[in-house]
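Asks: I have a structure here, written as structure tokens, and I will follow up with some questions on it.
The values are calculated or read from the model by the stated rules, or taken from the named source; none is laboratory data. On a predicted model such as this, the values are computed, not experimentally measured, just so you know. Every residue, glycine as well, gets a Cβ built from its backbone with ideal geometry; the counts of neighbours run over all protein chains shown. Surface areas here come from the heavy atoms of the whole protein model, side chains and all, with no ligands, DNA or RNA. Shrake-Rupley method; radii C 1.70, N 1.55, O 1.52, S 1.80 Å.
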Amino acid sequence: MRWITSRWSTNPYYALVIVVIACGGIPKANRKANITSFNVLGAALGALIALDLNDRLGRLVVWRLACLVWATGTLIQIFASGIYGLLLFSRIWGGLGAGALTVTAPLYLSEIAPTKTRGLVVGIYMVILLAVLAMGFFINYGARVHMSITRTQYRLVQAVPLIPVGIAYGLSYLCPETPRYLVSKQHHQKAVEALARLRGRAIDDPEIIKEFATISARERERAIDLASVSHWTIFKETQTNPNYRQRFWLLIAMQTIAQWTGGNGITYYVTTIFQYAGVTGDASSLVSSGAYGIVKLIFTMAFTWGLIDILGRRRCTLAGLSLQLGAHIYMAIYMGLGPGSADNRNASNAAIASVFVYAVGWSIGLCTVPYLYGTEIFPTRIRNLSYAISMGLHWFFQFAVVRVTPNMFVSLDVWGAYLFWALICFSGLIILGICMPETKGVPIERMGDLFDGPWYLRWRAKPKECDVASSIDITQDVELKDARVLKSSGSVL
């Protein structure tokens, strides 16, 4: 019972776990992993479902549906009242909404953002996500300190996520649908109005006319390509077209490496990791976890508002992996030699510091880059399918990592888990160091130029080689035609 009580300070789900343990059944270690990971399993399914809904219903409609699903899952979880099966169902159901949002939100942002600030705009998604996560650590701490361990405490903590979900749902009605989606549905007048609104210009502004000409030309091309074409046909094309195939498998490699470096496993069980590193006491572990969340938030903000569009995606990814690798190596040695000994305080402090070093590396690299990379490297024809598949894989891997991390700590004596993660980081430095081109400043329409030629020379690809300036000049005839229609009739195409 002492073990259960200490774990309550980490996660309020244990109010229900106490009831289940008292009744016997599944071992408590598996209950912990199931309750934590089933939300991630639902997210994996939600990401795949969003693949079809985004094109059928539109980005904003899917956004709102996802918020509602997430909210209802949270409500069921709040009132599960110790029913283990219902709790697991609510975790999966809420995860469906969360997973759909991880596909729809970055896709929406990448489609409305100007080329020069695309990295900033999509990166803000992760900043807000991590800000709410950091708040969650301190909400748990506040509940632990100021409330007794009761069902009311559990329900209050679990109800807090309804606030940001409700805000996201309400604010969606202030946002326009993406011009690219509107054009794909032949709502041309609405599309140009949405583009003008997003750019803060008049619909007859020359810059709006020029950008809309690019979008409409690409969407016409996509409509012809996708006429009566199934998702399976598009997927086969991603594997038969050498250029598409390289992009697809690069993103899959990034998602695989990102998850198996331990990123989300450490985030989900960070309070336990701090205890392994020598932090004593439940309250101290929660405060340290909150500090961990703040460090991630600060460096993700630095990444989003500067590094990503100054240093670029490639440099940030490799620098982040290097920091993760160094942190894992130290933790593996520290845990292997005997962590937390009273006469080894300096080593323990260094272990605690290494957790924060890891947070910095994770934040400026693979925590955020795959989201952005997945929305920008594909042409419109295959973007939705390819990105949704990558996010589905992201969530399935995250489910696997979160599910097995407690077991890895036990079966590999903690240090073995860090050694495994270090090997993945090292492999990632080699694979991404060779195969990952820089996409900073390259318009979506010209990404294919980065993936021409042999895969082993991808590291040499430079944005300047893509003739960025010419990317918006689809054809002079298209621009003039669109301009004449816009100015003369107020209706487009």
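Asks: Residues in region 178-196: is at least one open to solvent by 20 Å² or more (accessible area, probe 1.4 Å), acidic (Asp, Glu) and either under 20 Å from residue 133 (Cα atoms) or in a loop (DSSP other than H, G, I, E, B) (or both)?
Replies: Taking every residue of region 178-196 in turn, none turns out to be open to solvent by 20 Å² or more (accessible area, probe 1.4 Å), acidic (Asp, Glu) and either under 20 Å from residue 133 (Cα atoms) or in a loop (DSSP other than H, G, I, E, B) (or both).
Asks: Please find, among 200, 136, 142, 166, the residue that is surrounded by 15 or more Cβ atoms within 10 Å (Cβ to Cβ), of a type in the set (Gly, Ala, Ser) and farther than 21 Å from residue 54 by Cβ.
Replies: Just a single option satisfies the conditions, and that option is 136.
Asks: Please determine, by comparing only the residues of region 33-79 that are charged (D, E, K, R) and surrounded by fewer than 22 Cβ atoms within 10 Å (Cβ to Cβ), which one is farthest from residue 265 (Cα to Cα).
Replies: That would be 56.
Asks: Six or more apart or on different chains, Cβ under 6 Å: which pairs go from a residue in region 201-218 that's closer than 14 Å to residue 188 by Cβ to one that's of a type in the set (Gly, Ala, Ser) and open to solvent by 10 Å² or more (accessible area, probe 1.4 Å)? Could you list them?
Replies: 209/483
Asks: When you scan region 292-321, how many residues do you find that are open to solvent by 40 Å² or more (accessible area, probe 1.4 Å) and in contact with an Asp or Glu (Cβ under 9 Å, 6 or more places away or on another chain)?
Replies: Here the count works out to 2.
Asks: Which of the residues spanning region 237-280 are hydrophobic (A, V, I, L, M, F, W, C) and free of Cβ contacts under 8 Å to residues at least 12 places away in the same chain?
Replies: Once the filter is applied, which keeps residues that are hydrophobic (A, V, I, L, M, F, W, C) and free of Cβ contacts under 8 Å to residues at least 12 places away in the same chain, region 237-280 yields only 249.
Asks: With respect to residue 409, is the statement that it is of a type outside the set (A, V, I, L, M), open to solvent by 70 Å² or more (accessible area, probe 1.4 Å), modelled with pLDDT of 80 or more and under 27 Å from the mean Cα position of the chain (by Cα) true?
Replies: In short, no.
Asks: Is there any pair with a first residue in region 363-377 that is farther than 13 Å from residue 394 by Cβ and a second that is aromatic (Phe, Trp, Tyr) and open to solvent by 10 Å² or more (accessible area, probe 1.4 Å) whose Cβ atoms are under 8 Å apart and which are 6 or more apart or on different chains, and what are they?
Replies: 363/299; 364/299
Asks: Can you find a residue that is in a helix (DSSP H, G or I), closer than 19 Å to residue 256 by Cβ and free of Cβ contacts under 8 Å to residues at least 40 places away in the same chain anywhere in region 436-453?
Replies: No, because not a single residue in region 436-453 is in a helix (DSSP H, G or I), closer than 19 Å to residue 256 by Cβ and free of Cβ contacts under 8 Å to residues at least 40 places away in the same chain.
Asks: Separate question: Which members of region 380-401 meet the condition of being more than 20 Å from residue 249 (Cβ to Cβ) and either touching a Leu at 6+ places or on another chain (Cβ under 9 Å) or surrounded by fewer than 19 Cβ atoms within 10 Å (Cβ to Cβ) (or both)?
Replies: 399
Asks: Can you spot a residue in region 93-109 that is among the β-branched types (Val, Ile, Thr) and either more than 30 Å from residue 311 (Cα to Cα) or not in a helix (DSSP H, G or I) (or both)?
Replies: No.
Asks: Residue by residue through region 375-403, note down the ones that are assigned to a loop (DSSP other than H, G, I, E, B) and out of contact with any helix residue (DSSP H, G or I) (no Cβ under 6 Å at 6 or more places or on another chain).
Replies: If the condition is that a residue be assigned to a loop (DSSP other than H, G, I, E, B) and out of contact with any helix residue (DSSP H, G or I) (no Cβ under 6 Å at 6 or more places or on another chain), then 379 is the only one that fits.
Asks: Residue 323 fails exactly one of the following numbered conditions: (1) of a type in the set (A, V, I, L, M); (2) modelled with pLDDT under 90; (3) touching a Gly at 6+ places or on another chain (Cβ under 6 Å). What is the number of that condition?
Replies: (2)
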